[in-house]
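Encoded as structure tokens, the structure appears first; notes follow it.
The values are calculated or read from the model by the stated rules, or taken from the named source; none is laboratory data. From a predicted model like this one, the values you see are computed outputs, not experimental measurements. Quick reminder, even Gly has a Cβ in these numbers, built from the backbone with ideal geometry, and neighbours come from all protein chains shown. Protein only, heavy atoms only, side chains kept; ligands, DNA and RNA dropped before computing areas. Shrake-Rupley method; radii C 1.70, N 1.55, O 1.52, S 1.80 Å.
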Amino acid sequence: MNKMNELLKIQHLSKYYYNKNALNDVNLSLEKGKIYGLLGPNGSGKTTLMKIIAGLHKQTSGEVLLNNRPLSYKTKANISYMPTENFFYDSFKVKDIVKFYSDMYEDFQVENAFSTLGKIKVDPEFSISKLSSGLVGKLKVALALSRNVELYMLDEPLNGVDVLSRDVIIDLITRSCGENKVIVVSTHLVSEIEKILDSLIFLKDGTIALAGDAEELRMSRCTSVEGIYKEVFGND
Ligand code: ADP
């Protein structure tokens, strides 16, 4: 691994919630220019890992370095995290949410956001309460990717979203990848997204069960990412 390309380094990361060990000695290194799939069934620790990196949860032990620096309010500003929950106020219009994002984040690219919303057919005048779950899913991803940062983390962006909207979301993610950026996508819906993943991280009960280059893993195991997922997790 080329050290110059390393954006995120995680060393011996563990997290306990009371007596529940949600993450157990996780070690990872994420390289710029890649899309990572954080894969595992519900309860495997994906959200916990993302929330610690985003600075929303505190780890019990271990270290997270972004560009070789420990997490701080400065490093946090370089991360766009999209939580799995729908966090929009129902009474807002789409354009109000865009304004909220541009007020919140200095790096938010308003024109890009409106242009993306046009492409994915989300009308800025729509009320959030009137949006289908597919439109909400597309809006969340479009907003998270309209920030200009180095690390994007999308927690289950395909969850609760119809098949056609999933394709649009996958396309948005692919188009946002750049040589200085890292995109981490957590999902348990592997078959639909595997074609865009450069690297895979299989998280099982808070432990990295398998990680590596997607193509190499496919070649060495003679199966698709979905096939590897079934090997790692069985019928979980
Ligand atoms: P995933 O995102 O893969 O579904 P999570 O990170 O949400 O996994 O959860 C990992 C484990 O930690 C689960 O067993 C979950 O029940 C537990 N957990 C998550 N958040 C909390 C919390 N706030 N308090 C107690 N246990 C939690």
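When you scan the range 109-120, how many residues do you find that are open to solvent by 20 Å² or more (accessible area, probe 1.4 Å) and in contact (Cβ under 8 Å) with a residue 12 or more places away in the chain?
So the count comes out to 5.
What is the one condition in (1) touching a residue at least 24 places away in the same chain (Cβ under 8 Å); (2) not in a helix (DSSP H, G or I) that residue 144 does not satisfy?
It is condition (2) that residue 144 fails.
Can you tell me which residues in the range 168-207 are among the hydrophobic types (A, V, I, L, M, F, W, C) and within 16 Å of the ligand (Cβ to nearest atom)?
Within the range 168-207, 184, 185, 189, 190, 193, 200, 201, 202, 203 qualify.
Before we move on, is residue 166 crowded, with 18+ Cβ neighbours inside 10 Å and without any contact (Cβ under 8 Å) to a residue 40 or more places away in the chain?
The answer is yes for residue 166.
Determine which member of the set 78, 5, 86, 42 is farther than 30 Å from residue 191 by Cβ and modelled with pLDDT under 95.
Step by step, each of 78, 5, 86, 42 is checked, and only 78 is farther than 30 Å from residue 191 by Cβ and modelled with pLDDT under 95.
Looking only at the range 210-222, how many residues end up being free of Cβ contacts under 8 Å to residues at least 60 places away in the same chain and within 16 Å of the ligand (Cβ to nearest atom)?
1
Before we move on, is residue 106 open to solvent by 40 Å² or more (accessible area, probe 1.4 Å), away from the ligand (no atom under 15 Å from the Cβ) and not in a helix (DSSP H, G or I)?
yes
Quick grid of which residues meet (1) more than 20 Å from residue 174 (Cβ to Cβ); (2) small (Gly, Ala, Ser); (3) at pLDDT below 95:
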position: 116; (1), (2), (3): no, no, yes
position: 120; (1), (2), (3): no, no, yes
position: 128; (1), (2), (3): yes, no, yes
position: 134; (1), (2), (3): no, yes, yes
position: 145; (1), (2), (3): no, no, no
position: 150; (1), (2), (3): no, no, no
position: 153; (1), (2), (3): no, no, no
position: 158; (1), (2), (3): no, no, yes
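Hey, among the residues in the range 1-18 that are within 15 Å of the ligand (Cβ to nearest atom) and surrounded by fewer than 18 Cβ atoms within 10 Å (Cβ to Cβ), which one's nearest to residue 207 (Cα to Cα)?
In this case the residue turns out to be 14.
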